[in-house]
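Worksheet for the structure shown next.
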Amino acid sequence: MTNKEIKELLEWVVPPKILEILLKNLDRMIGFYKYDQKSFSGNSKIKNLEKNNRCFILGTGESTNKQDLTLLKNEISIGINGFFTHKDIQIISPKYYLVNSIFALHGDILEESRYIDWLKAMDETLNNKTIMFMDISDKFYIEKYMLFNNKTIYWYQQEYYFKAKIEKINLQRLEKGSSVSELAISVALHLGFESIYMLGIDHNWFNDGAYFDNERYNKYFKKDRATIIKECNLDAEYQMLGHAKIFNKYKKLFNIRQNIFNVNSDQDTYVDVFPKKIYEKLFE
(Lines give C-alpha, C1' and ligand atoms only; values in the text may rest on other atoms or scores of the structure.)
Protein backbone atom coordinates (compact mmCIF):
# COMPACT_ATOMS: atom_id res chain seq x y z
CA MET A 1 0.00 0.00 0.00
CA THR A 2 1.42 3.39 -1.01
CA ASN A 3 1.67 6.43 1.29
CA LYS A 4 -1.15 8.07 -0.67
CA GLU A 5 -3.42 5.04 -0.25
CA ILE A 6 -2.68 4.89 3.50
CA LYS A 7 -3.62 8.55 3.87
CA GLU A 8 -6.83 8.12 1.86
CA LEU A 9 -7.80 5.17 4.08
CA LEU A 10 -7.15 7.16 7.24
CA GLU A 11 -9.35 10.00 5.97
CA TRP A 12 -12.29 7.60 5.90
CA VAL A 13 -11.94 6.15 9.41
CA VAL A 14 -10.22 8.78 11.61
CA PRO A 15 -11.74 12.00 13.04
CA PRO A 16 -10.28 15.19 11.43
CA LYS A 17 -8.22 16.51 14.36
CA ILE A 18 -6.72 13.12 15.14
CA LEU A 19 -6.09 12.64 11.42
CA GLU A 20 -4.05 15.86 11.29
CA ILE A 21 -1.76 14.61 14.06
CA LEU A 22 -1.44 11.14 12.47
CA LEU A 23 -0.60 12.53 9.03
CA LYS A 24 2.07 14.85 10.38
CA ASN A 25 3.73 12.10 12.40
CA LEU A 26 3.38 9.61 9.53
CA ASP A 27 5.33 11.94 7.23
CA ARG A 28 7.93 12.50 9.91
CA MET A 29 8.41 8.79 10.62
CA ILE A 30 8.63 7.91 6.94
CA GLY A 31 11.22 10.63 6.42
CA PHE A 32 13.25 9.58 9.45
CA TYR A 33 13.51 5.93 8.42
CA LYS A 34 13.64 6.41 4.65
CA TYR A 35 16.25 9.16 4.36
CA ASP A 36 19.71 9.60 5.80
CA GLN A 37 19.34 12.48 8.25
CA LYS A 38 22.94 13.53 7.55
CA SER A 39 21.69 14.79 4.18
CA PHE A 40 20.20 17.80 5.98
CA SER A 41 23.29 18.66 8.03
CA GLY A 42 24.41 21.48 5.73
CA ASN A 43 21.16 23.44 6.02
CA SER A 44 22.09 25.04 9.34
CA LYS A 45 25.34 26.41 7.87
CA ILE A 46 23.52 28.56 5.31
CA LYS A 47 20.89 29.98 7.65
CA ASN A 48 20.93 33.81 7.35
CA LEU A 49 23.86 33.55 4.93
CA GLU A 50 22.38 36.34 2.80
CA LYS A 51 21.46 38.73 5.58
CA ASN A 52 21.29 42.38 4.35
CA ASN A 53 21.04 41.26 0.69
CA ARG A 54 18.05 41.21 -1.64
CA CYS A 55 16.97 38.46 -4.02
CA PHE A 56 14.64 37.86 -6.95
CA ILE A 57 12.60 34.67 -7.21
CA LEU A 58 12.24 33.84 -10.90
CA GLY A 59 9.08 32.08 -12.03
CA THR A 60 8.22 30.84 -15.50
CA GLY A 61 5.11 32.95 -16.15
CA GLU A 62 4.72 34.75 -19.48
CA SER A 63 4.64 38.11 -17.67
CA THR A 64 8.46 38.04 -17.70
CA ASN A 65 8.31 38.64 -21.46
CA LYS A 66 7.32 42.21 -20.62
CA GLN A 67 10.29 42.74 -18.33
CA ASP A 68 14.00 43.16 -19.01
CA LEU A 69 15.49 40.33 -16.96
CA THR A 70 19.04 41.24 -18.00
CA LEU A 71 18.79 43.87 -15.26
CA LEU A 72 19.34 40.94 -12.88
CA LYS A 73 22.85 40.29 -14.17
CA ASN A 74 24.49 41.51 -10.95
CA GLU A 75 21.65 40.56 -8.63
CA ILE A 76 21.17 37.48 -6.47
CA SER A 77 18.35 35.38 -7.86
CA ILE A 78 16.62 32.07 -7.17
CA GLY A 79 15.50 30.25 -10.31
CA ILE A 80 12.73 27.68 -10.01
CA ASN A 81 11.86 24.57 -12.00
CA GLY A 82 11.90 25.33 -15.74
CA PHE A 83 13.39 28.80 -15.56
CA PHE A 84 16.67 27.44 -16.93
CA THR A 85 15.03 27.47 -20.39
CA HIS A 86 14.73 31.28 -20.35
CA LYS A 87 16.60 32.97 -23.20
CA ASP A 88 18.58 35.15 -20.75
CA ILE A 89 19.55 32.38 -18.34
CA GLN A 90 23.30 32.77 -18.98
CA ILE A 91 23.16 36.51 -18.36
CA ILE A 92 21.10 36.17 -15.18
CA SER A 93 23.03 33.11 -13.95
CA PRO A 94 21.01 32.45 -10.77
CA LYS A 95 23.08 31.97 -7.64
CA TYR A 96 20.45 29.59 -6.28
CA TYR A 97 18.08 27.18 -7.99
CA LEU A 98 15.14 25.28 -6.54
CA VAL A 99 13.35 22.26 -7.96
CA ASN A 100 10.01 21.00 -6.66
CA SER A 101 9.46 17.33 -5.79
CA ILE A 102 9.47 15.50 -9.12
CA PHE A 103 8.98 11.75 -8.92
CA ALA A 104 6.97 11.54 -5.70
CA LEU A 105 4.65 14.32 -6.83
CA HIS A 106 4.54 13.98 -10.63
CA GLY A 107 6.00 10.55 -11.36
CA ASP A 108 2.68 9.15 -12.58
CA ILE A 109 2.16 11.89 -15.19
CA LEU A 110 5.13 11.24 -17.49
CA GLU A 111 7.67 8.46 -17.96
CA GLU A 112 10.87 8.64 -15.93
CA SER A 113 13.10 9.33 -18.94
CA ARG A 114 11.29 12.62 -19.66
CA TYR A 115 12.11 14.00 -16.22
CA ILE A 116 15.68 12.75 -16.37
CA ASP A 117 16.25 14.46 -19.75
CA TRP A 118 14.82 17.66 -18.23
CA LEU A 119 17.13 17.44 -15.21
CA LYS A 120 20.16 16.69 -17.40
CA ALA A 121 19.42 19.76 -19.51
CA MET A 122 19.06 21.82 -16.33
CA ASP A 123 22.39 20.52 -15.02
CA GLU A 124 24.16 21.28 -18.30
CA THR A 125 22.64 24.76 -18.63
CA LEU A 126 23.23 26.09 -15.13
CA ASN A 127 26.62 27.33 -14.01
CA ASN A 128 28.41 24.81 -11.78
CA LYS A 129 28.58 27.51 -9.12
CA THR A 130 24.78 27.47 -8.92
CA ILE A 131 23.62 26.16 -5.55
CA MET A 132 20.74 23.69 -5.83
CA PHE A 133 17.83 23.06 -3.45
CA MET A 134 16.06 19.76 -4.11
CA ASP A 135 13.44 17.57 -2.46
CA ILE A 136 14.96 14.65 -0.53
CA SER A 137 12.46 12.29 -2.20
CA ASP A 138 14.33 12.79 -5.50
CA LYS A 139 17.77 12.05 -4.05
CA PHE A 140 17.66 8.43 -5.22
CA TYR A 141 17.17 9.49 -8.87
CA ILE A 142 19.72 12.30 -8.68
CA GLU A 143 22.37 9.83 -7.51
CA LYS A 144 21.23 7.02 -9.80
CA TYR A 145 21.71 9.16 -12.91
CA MET A 146 24.72 11.05 -11.47
CA LEU A 147 23.09 14.45 -11.87
CA PHE A 148 24.45 17.75 -10.48
CA ASN A 149 27.72 16.08 -9.44
CA ASN A 150 29.60 19.36 -9.89
CA LYS A 151 27.08 21.46 -7.99
CA THR A 152 26.35 21.90 -4.30
CA ILE A 153 22.96 20.49 -3.33
CA TYR A 154 20.98 21.27 -0.18
CA TRP A 155 18.08 18.94 0.51
CA TYR A 156 14.70 19.89 1.90
CA GLN A 157 11.80 17.74 3.03
CA GLN A 158 8.07 18.41 3.12
CA GLU A 159 5.63 17.10 5.67
CA TYR A 160 1.96 17.48 6.54
CA TYR A 161 1.34 20.62 8.58
CA PHE A 162 -1.92 21.85 10.04
CA LYS A 163 -1.12 24.81 12.27
CA ALA A 164 -2.58 28.21 11.42
CA LYS A 165 0.84 29.82 11.74
CA ILE A 166 4.38 29.04 10.62
CA GLU A 167 6.71 30.29 13.32
CA LYS A 168 10.06 29.46 11.71
CA ILE A 169 11.54 27.86 8.63
CA ASN A 170 13.07 24.41 8.92
CA LEU A 171 14.16 23.03 5.53
CA GLN A 172 13.92 19.52 6.90
CA ARG A 173 10.28 20.01 7.87
CA LEU A 174 8.65 22.37 5.39
CA GLU A 175 4.89 22.57 5.22
CA LYS A 176 3.70 20.69 2.14
CA GLY A 177 2.70 23.13 -0.55
CA SER A 178 0.77 23.35 -3.81
CA SER A 179 3.30 25.50 -5.66
CA VAL A 180 7.08 25.63 -6.03
CA SER A 181 6.91 29.38 -5.34
CA GLU A 182 6.02 28.62 -1.70
CA LEU A 183 9.17 26.54 -1.37
CA ALA A 184 11.28 29.26 -2.99
CA ILE A 185 10.04 31.83 -0.47
CA SER A 186 10.81 29.40 2.36
CA VAL A 187 14.37 28.96 1.08
CA ALA A 188 14.80 32.74 0.70
CA LEU A 189 13.60 33.27 4.28
CA HIS A 190 15.98 30.58 5.51
CA LEU A 191 18.85 32.33 3.73
CA GLY A 192 17.86 35.52 5.54
CA PHE A 193 17.40 37.94 2.62
CA GLU A 194 16.54 41.49 3.61
CA SER A 195 13.97 41.74 0.80
CA ILE A 196 12.47 39.16 -1.54
CA TYR A 197 10.99 40.10 -4.94
CA MET A 198 8.69 37.76 -6.86
CA LEU A 199 8.44 37.93 -10.64
CA GLY A 200 7.09 35.52 -13.22
CA ILE A 201 4.72 34.14 -10.56
CA ASP A 202 1.51 34.77 -12.51
CA HIS A 203 -0.96 32.25 -11.05
CA ASN A 204 -3.04 32.35 -14.22
CA TRP A 205 -3.67 28.62 -14.43
CA PHE A 206 -7.40 29.13 -15.01
CA ASN A 207 -6.78 30.19 -18.60
CA ASP A 208 -4.07 27.57 -19.13
CA GLY A 209 -1.38 30.06 -18.03
CA ALA A 210 1.35 30.14 -20.64
CA TYR A 211 5.07 30.04 -19.86
CA PHE A 212 7.51 32.67 -21.09
CA ASP A 213 8.25 30.30 -23.99
CA ASN A 214 5.91 27.31 -24.26
CA GLU A 215 7.88 25.59 -27.01
CA ARG A 216 11.20 25.81 -25.19
CA TYR A 217 9.66 24.93 -21.83
CA ASN A 218 7.74 21.86 -23.06
CA LYS A 219 10.58 20.56 -25.22
CA TYR A 220 11.51 17.83 -22.77
CA PHE A 221 8.00 16.74 -21.79
CA LYS A 222 6.37 16.52 -25.22
CA LYS A 223 3.11 17.52 -23.55
CA ASP A 224 1.79 21.02 -23.03
CA ARG A 225 -0.02 22.14 -19.89
CA ALA A 226 -3.45 21.96 -21.55
CA THR A 227 -2.93 18.26 -22.36
CA ILE A 228 -1.76 17.45 -18.84
CA ILE A 229 -4.68 19.37 -17.30
CA LYS A 230 -7.12 17.38 -19.43
CA GLU A 231 -5.50 13.98 -18.81
CA CYS A 232 -5.28 14.53 -15.04
CA ASN A 233 -8.76 16.07 -14.80
CA LEU A 234 -7.44 19.26 -13.20
CA ASP A 235 -10.71 21.14 -13.53
CA ALA A 236 -11.62 24.63 -12.29
CA GLU A 237 -12.59 23.35 -8.83
CA TYR A 238 -9.17 21.74 -8.44
CA GLN A 239 -7.44 24.93 -9.56
CA MET A 240 -9.48 27.11 -7.19
CA LEU A 241 -8.70 24.88 -4.21
CA GLY A 242 -5.04 24.97 -5.19
CA HIS A 243 -5.01 28.76 -5.35
CA ALA A 244 -6.70 29.06 -1.96
CA LYS A 245 -4.07 26.81 -0.38
CA ILE A 246 -1.21 28.69 -2.03
CA PHE A 247 -2.43 32.14 -1.00
CA ASN A 248 -3.08 30.94 2.54
CA LYS A 249 0.49 29.61 2.65
CA TYR A 250 1.78 32.91 1.26
CA LYS A 251 0.10 34.73 4.15
CA LYS A 252 1.75 32.40 6.66
CA LEU A 253 5.17 33.00 5.11
CA PHE A 254 4.61 36.75 4.87
CA ASN A 255 3.78 36.87 8.58
CA ILE A 256 7.19 35.41 9.44
CA ARG A 257 8.84 38.49 8.03
CA GLN A 258 7.02 41.05 5.93
CA ASN A 259 9.78 41.48 3.36
CA ILE A 260 8.21 39.83 0.28
CA PHE A 261 7.10 41.92 -2.71
CA ASN A 262 5.26 41.27 -5.98
CA VAL A 263 7.10 42.87 -8.91
CA ASN A 264 5.26 41.18 -11.78
CA SER A 265 4.65 43.36 -14.81
CA ASP A 266 0.87 43.31 -14.27
CA GLN A 267 0.14 45.84 -11.53
CA ASP A 268 -3.56 44.90 -11.72
CA THR A 269 -3.01 41.23 -10.95
CA TYR A 270 -5.46 39.66 -8.52
CA VAL A 271 -2.51 38.19 -6.60
CA ASP A 272 -2.79 40.60 -3.67
CA VAL A 273 -0.98 38.77 -0.85
CA PHE A 274 2.27 40.71 -1.17
CA PRO A 275 2.80 44.48 -1.53
CA LYS A 276 3.38 45.49 -5.16
CA LYS A 277 6.40 47.35 -6.44
CA ILE A 278 7.46 48.39 -9.93
CA TYR A 279 10.28 46.13 -11.11
CA GLU A 280 12.18 48.71 -13.16
CA LYS A 281 12.31 51.22 -10.31
CA LEU A 282 14.32 48.78 -8.20
CA PHE A 283 17.34 49.48 -10.40
CA GLU A 284 17.23 53.25 -10.48
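The values are calculated or read from the model by the stated rules, or taken from the named source; none is laboratory data. It should be emphasised that the depicted structure is a prediction, and the values quoted were computed from it without experimental measurement. Reconstructed Cβ throughout: ideal geometry from the backbone, glycine too, with neighbour counts over all protein chains shown. Accessible surface is based on the protein model in full, side chains and every heavy atom, while ligands, DNA and RNA are left aside. Shrake-Rupley method; radii C 1.70, N 1.55, O 1.52, S 1.80 Å.
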>> Could you check region 239-265 and list, in sequence order, the residues that are assigned to a loop (DSSP other than H, G, I, E, B) and within 24 Å of N74 (Cα to Cα)?
In response: N259, V263, N264, S265
>> Cβ-Cβ under 9 Å, sequence separation 6+ or interchain: first residue in region 53-66 and closer than 15 Å to N214 by Cβ, partner open to solvent by 60 Å² or more (accessible area, probe 1.4 Å) and assigned to a helix (DSSP H, G or I). Which pairs?
In response: E62/N214
>> With the condition being in contact with a Lys or Arg (Cβ under 8 Å, 6 or more places away or on another chain) and not charged (D, E, K, R), I'd like the strands (runs of 3 or more DSSP E) fully within region 53-108 carrying at least 2 qualifying residues.
In response: 76-80
>> Go through region 109-118 and report how many residues are in a loop (DSSP other than H, G, I, E, B) and open to solvent by less than 60 Å² (accessible area, probe 1.4 Å).
In response: 2
>> Looking at A121 and the list (1) surrounded by fewer than 19 Cβ atoms within 10 Å (Cβ to Cβ); (2) assigned to a helix (DSSP H, G or I); (3) at pLDDT below 95, which single condition is not satisfied?
In response: (3)
> Within region 124-138, which residues are part of a helix (DSSP H, G or I) and either more than 16 Å from the chain's Cα centre (by Cα) or surrounded by fewer than 16 Cβ atoms within 10 Å (Cβ to Cβ) (or both)?
Replying inline: E124, T125
>> Conditions first: (1) in a helix (DSSP H, G or I); (2) modelled with pLDDT of 90 or more. E20 passes all but one, so which condition is the exception?
In response: (2)
> Which of the residues belonging to region 269-284 are farther than 17 Å from H243 by Cβ and not β-branched (V, I, T)?
Replying inline: P275, K276, K277, Y279, E280, K281, L282, F283, E284
> What are the residues in region 140-167 that are under 25 Å from S178 (Cβ atoms), open to solvent by less than 50 Å² (accessible area, probe 1.4 Å) and of a type outside the set (A, V, I, L, M, F, W, C), if any?
Replying inline: Y154, Y156, Q157, Q158, E159
> Any idea which residue in region 148-175 is farthest from K245 (Cα to Cα), counting only those that are touching an Asp or Glu at 6+ places or on another chain (Cβ under 9 Å) and among the aromatic types (F, W, Y)?
Replying inline: F148
>> Restricting to region 262-283, give me the number of residues that are at pLDDT 90 or above and either closer than 18 Å to D68 by Cβ or basic (K, R) (or both).
In response: 11
>> Just the residues that are acidic (D, E) and without any contact (Cβ under 8 Å) to a residue 40 or more places away in the chain, please, taken from region 254-271.
In response: D268
> Failed condition for D27, given (1) over 18 Å from the mean Cα position of the chain (by Cα); (2) modelled with pLDDT of 90 or more, with all others met?
Replying inline: (2)
>> I'd like to verify a number: residues in region 141-180 that are in contact with a Phe, Trp or Tyr (Cβ under 8 Å, 6 or more places away or on another chain) and not in a loop (DSSP other than H, G, I, E, B), how many?
In response: 8
> Within the bounds of region 195-213, is there any residue that is open to solvent by 70 Å² or more (accessible area, probe 1.4 Å), modelled with pLDDT under 70 and in a loop (DSSP other than H, G, I, E, B)?
Replying inline: no
